[in-house]
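J.: My questions will all concern the structure given below.
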Amino acid sequence: MTYHKIDTLFAYIILIISALLLVSVAMGAEVHYEGSESLNHYYIAEGVPQNPLLLLDHWGKPLFTLLAWPFSYLGDKGVMILNCIIMLLSAYVSFRLLRKLEVKFAFPVIVLILFAPVYYKFSQSSLTEPLFGLVAISSAFYFLQKRYLLATILISFIIFSRSEGMLFIPIYAVALIIKKQYKILPFLLTGILTYSLIGFFLGKSILWYYYEYPYNAIVSFYGKGPFLHWFINQEYITGTPFSILIVISFVLLVFQSIIHFRKTFEHKNLILIYLITVPAFIYIAGHSFLWYKGWSASVGLYRIVGGVIPLLAVVSVMGVDKILSVLNSLYYQKVIKLLILIGFSYWAVSFTFYEKESYILDHPNEITNLVNESIDWIEESELEYNNLYVYKTEYQHHFGINPYTSGESFLKSNITKREAPQLELKPGDVVIWDGQVTPNEGGIPIEVLDTNSYFVPIKTFRPKHEFTVLGGGKYYIKIFKRI
């Protein structure tokens, strides 16, 4: 069999097995990966029929919301299935791109993408990083095929999958200039013009995207950390096998670019270097700087790197192909290369599942267990017949209430008079204070309720093992009743 036939066979087998596995993860998941953040994306998409303005919600990411909206009719599992489809498409497009770059065996890219520790978990979420990665890798693929107009229009929408996409627009502008595609340059504005007009017709300012941009604030409780945060924690993000390939491939690419600088402007190298490697590097470096400085609401989340996993995987497999080219003179080179890549792919997958109890990687943690414990107590005490003020999205999820569309409901998600909540709440109303979201996002420290004579504590839930959460406090749940 030829390289192409063997590679294609392995690719389709891996994709089919992966599809079954990812859908199984989505359907069997007890919790959302990243909890409230993921649930919020689902609620925004589900709320579109009642409130079309949610299509332009910054936190929801407009492009993701548009795609997730039909899937939300199937519930949160439906949106998880959407993410599984997006992940599989990203892997498939990456495979096709490497085939166009004449890589002998491209099938390992599917394994590296779908089974990277941080990426695999997206199958049990409504998070937006996979869509960002799909737009990025698809745009590069169409550019490689010289379908410049399609690539340009597609990349113009990337900022509506995640705001970091604004870094990609000038990079593609330079690439179009290098290719002398001057007439296509204006189409880089397609995305922003389209959504600006949609916003205008829905009653917003035509510049709503910039006026409502929510990530400029410096929030102290989000913290800061070392510049190399994502590199230090690579085992939880790309995993050691994948990380080794990234480093080797990146060094090799830099070395070859210096030695053969003129060749970097050849079409295939232009794609690999300027539309895949450079954007991935800028994306990670930019987040590293923001986390180091504590700017732009950066929290140092591992999942951020998920947005460029397809780009990193393509660079890695390209590097492996160059390294294995030293075997070209051997008689059994095809078999040797195949065995090496199968062995490496097995290592990458086994690293992700090493010492894991289940193929579903994200399980209820101590916070989730404590929330569930409090929900059981609330139902036993029949407190759901009172107005409940909550800040953890898991409460809304349990009671089937969408905070964006439910209107008048017994479950409330905000107290506006934070320093004097007794002026807003009525006797009998209940506040479910939790040690992370309520003080940080809700702006209500425990002292406001503990020292308020209008509120009496009726139940406290503490974890078996004490731990510190974002903002520096110990996590627990305390329920108060307005008297």
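J.: Relative to the first principal axis of the alpha-carbon coordinates of the chain, what is the inclination of helix 366-380, with its axis defined by its Cα atoms, in degrees from 0 to 90 and to the nearest 10?
T.: 40 degrees
J.: Here's something else I'd like to know. On a straight-distance basis, which lysines could pair with Lys268 in a cross-link, Cα separation under 22 angstrom, same-chain partners fewer than 8 positions away excluded?
T.: Partners within reach: Lys100, Lys104, Lys146, Lys179, Lys180, Lys183, Lys322.
J.: With N set to the number of residues, divide the alpha-carbon radius of gyration of the stretch 376-483 by 2.2 N^0.38 Å and report two decimals.
T.: The value comes to 1.02.
J.: Ok, one more. Restrict the search to the stretch 180-256; then list the trypsin sites (Lys or Arg not before Pro) that DSSP places in a loop and that have at most 12 other Cβ atoms within 10 Å of their Cβ. Could you put the intermediate results ahead of the total?
T.: Values: sites: Lys180, Lys183, Lys204, Lys224; in loops: Lys180, Lys204, Lys224.
Within the stretch 180-256, the qualifying trypsin sites (Lys or Arg not before Pro) (loop, at most 12 other Cβ atoms within 10 Å) are Lys180.
J.: Run the helix sum for the chain: -39,500 (n - 2.57) per DSSP H stretch of 4+ residues, divided by residue count, reported at 222 nm to the nearest 500 deg cm²/dmol.
T.: Here the helix-only value at 222 nm equals -16000 deg cm²/dmol.
J.: Chymotrypsin sites (Phe, Trp or Tyr not before Pro), restricted to the stretch 376-483: which are DSSP loop and have at most 13 other Cβ atoms within 10 Å?
T.: Sites meeting the loop and neighbour criteria: Phe467.
J.: Tell me, what is the FRET efficiency for Arg147 and Glu102 to the nearest 0.05, using R0 = 25 angstrom and their Cβ-Cβ distance as r?
T.: Efficiency, rounded to the nearest 0.05: 0.85.
J.: What shape does the stretch 270-357 take by its C-alpha gyration tensor, where a ≥ b ≥ c are the square roots of the eigenvalues and a/c under 1.5 counts as rounded, a/b above b/c as prolate, and the rest as oblate? All intermediate terms of the calculation are to be shown ahead of the outcome.
T.: Working: a/c = 4.33, a/b = 1.69, b/c = 2.56.
Here the stretch 270-357 falls in the oblate category.
J.: For the stretch 366-482, with the dipole built from +1 on Lys and Arg beta-carbon atoms and -1 on Asp and Glu ones, taken about the Cα centre, which of His465, Ala420, His397 lies farthest toward the positive end?
T.: It is Ala420.
J.: Continuing with the same structure: Expressed as a whole percent, how much of the Cα-Cα distance distribution for the chain exceeds 34 Å?
T.: 40 percent
J.: Further, regarding this structure: If only Cα atoms are counted, what is the Rg of the stretch 123-274, and what is its Dmax, in Å?
T.: Looking at the stretch 123-274, its Cα Rg and Dmax stand at 18.6, 55 Å.
J.: For Gln50 and Phe289, compute 0.36 nm times the residue count separating them, minus their Cα-Cα distance, and round to one decimal in nm.
T.: Gain on stretching Gln50 to Phe289: 82.1 nm.
J.: Could you give the angle, 0 to 90 degrees to the nearest 10, between helix 333-353's Cα long axis and the longest principal axis of the Cα atoms of the chain?
T.: Tilt of helix 333-353: around 10 degrees.
J.: Assuming a strict under-17 Å limit between Cα atoms, what lysine pair count do you get for the stretch 366-482 once near-sequence pairs (fewer than 8 apart, same chain) are dropped?
T.: Taking the Cα cut-off of 17 Å, the pair count is 15.
J.: For the stretch 260-338, what is the charge dipole size about the Cα centre, in debye to the nearest 20, if Lys and Arg each add +1 at the Cβ and Asp and Glu each add -1 at the Cβ? Provide the component values of the computation, followed by the final result.
T.: Numbers: 8 positive and 2 negative charges, 23 e Å.
Dipole of the stretch 260-338, to the nearest 20 debye: 100 debye.
J.: While we're on this one: Could you estimate the translational diffusion coefficient of the stretch 1-156 from the Stokes-Einstein equation, with Rh from the Kirkwood formula over C-alpha pairs, at 20 °C and 1.002 mPa s, in whole µm²/s?
T.: 131 µm²/s
J.: Which residues does the label zone of Leu189 cover in the stretch 151-170, counting backbone N under 16 Å from a point 7 Å along Cα→Cβ?
T.: Hits in the stretch 151-170 for Leu189 at 16 Å: 153, 156-157, 169-170.
J.: Looking at the stretch 377-420, which GluC sites (Glu not before Pro) are DSSP coil and have at most 14 other C-beta atoms within 10 Å of their C-beta?
T.: Glu382, Glu408, Glu419
J.: I want to make sure I understand the PRE zone here: with the label point 7 angstrom from the Cα of Lys426 toward its beta carbon, which residues in the stretch 462-483 have backbone N atoms less than 17 Å away?
T.: Label zone hits: 481-483.
J.: Given +1 on the Cβ of Lys and Arg, -1 on the Cβ of Asp and Glu, and no further charges, what dipole in debye does the stretch 327-483 carry about its Cα centre, rounded to the nearest 20?
T.: With Lys and Arg at +1 and Asp and Glu at -1, about 540 debye.
J.: Given +1 on the Cβ of Lys and Arg, -1 on the Cβ of Asp and Glu, and no further charges, what dipole in debye does the stretch 3-353 carry about its Cα centre, rounded to the nearest 20?
T.: My answer is approximately 1320 debye.
J.: Against the globular-protein guess of 2.2 N^0.38 Å, express the Cα radius of gyration of the stretch 317-446 as a ratio, rounded to two decimals.
T.: 1.90
Here, each number is a calculation from the coordinates, and none is a lab measurement. Bear in mind that the values here come from a model prediction, so they are computed numbers and not experimental data. Counting neighbours? That spans all protein chains shown, and the Cβs are built from the backbone with ideal geometry, glycine included.
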